[in-house]
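In what follows, a single structure is set out as structure tokens and then discussed.
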Amino acid sequence: MNIQSSESVWLNGNAVCRIDHLIEVSGLSIEEVEDLIENELIAPTDQTTQPRSFALHYVLTVKTARRLRDDFQLDRHALVLALTLLQRISALENDLNAMQATLGR
């Protein structure tokens, strides 16, 4: 009998985690996570403190990054581009939904 387990975390707006946690749960390298930070796809809660802490919702971002990297065999630059485009699409969908709600559709 195979038993599968999963871990659930409540991704509220107040919870934070350290960069090492993002690396651990995502499977990304420190360099790949640093690329995400440099390209403002994820941002530390406070730039001055060490070790850096991040909002817990970035766990979804780094896990998505790893899946994209693995599924499409992306290098670090292509990974940043793909995540940027996905975030832009999501923002545009949110804008469209807001406009449709305003128009009563």
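Nothing in this text is a laboratory measurement; each read-out follows from the coordinates by a stated rule. No experiment lies behind these values; they were computed from the predicted model shown. Because the Cβ atoms are built from the backbone with ideal geometry, glycine has one as well, and the counts that use them run over all protein chains shown.
Overview of results
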| read-out | value |
| --- | --- |
| With at most 12 other Cβ atoms within 10 Å, longest stretch of the chain clear of loop GluC sites (Glu not before Pro) (DSSP) | 41-105 |
| Label point distance in nm, residue 101-residue 16, each placed 7 Å from Cα along Cα→Cβ | 2.9 |
| Paramagnetic reach from residue 30 in the range 45-64 [backbone N under 13 Å; point 7 Å along Cα→Cβ] | 51-52 |
| Degrees, to the nearest 10: 58-72 long Cα axis against longest axis of the chain | 80 |
| Kirkwood hydrodynamic radius of the chain, Cα pairs, Å | 15.4 |
| Scattering profile of the range 50-105 at q = 0.19, 0.29, 0.31 Å⁻¹ [log10 I(q)/I(0), Debye over alpha-carbon scatterers] | -0.78, -1.08, -1.13 |
| Selected from 99, 68, 87, residue furthest toward positive end of dipole (the range 16-103; charges at beta carbon) | 99 |
| Efficiency of FRET between residue 92 and residue 48 - r from beta-carbon atoms, R0 35 angstrom, step 0.05 | 0.55 |
| Long-range amide H partners of residue 53 with built H, under 5 Å | 45, 46 |
| 222 nm mean residue ellipticity, helices alone, for the chain (DSSP H n ≥ 4; -39,500 (n - 2.57); rounded to 500) | -18500 deg cm²/dmol |
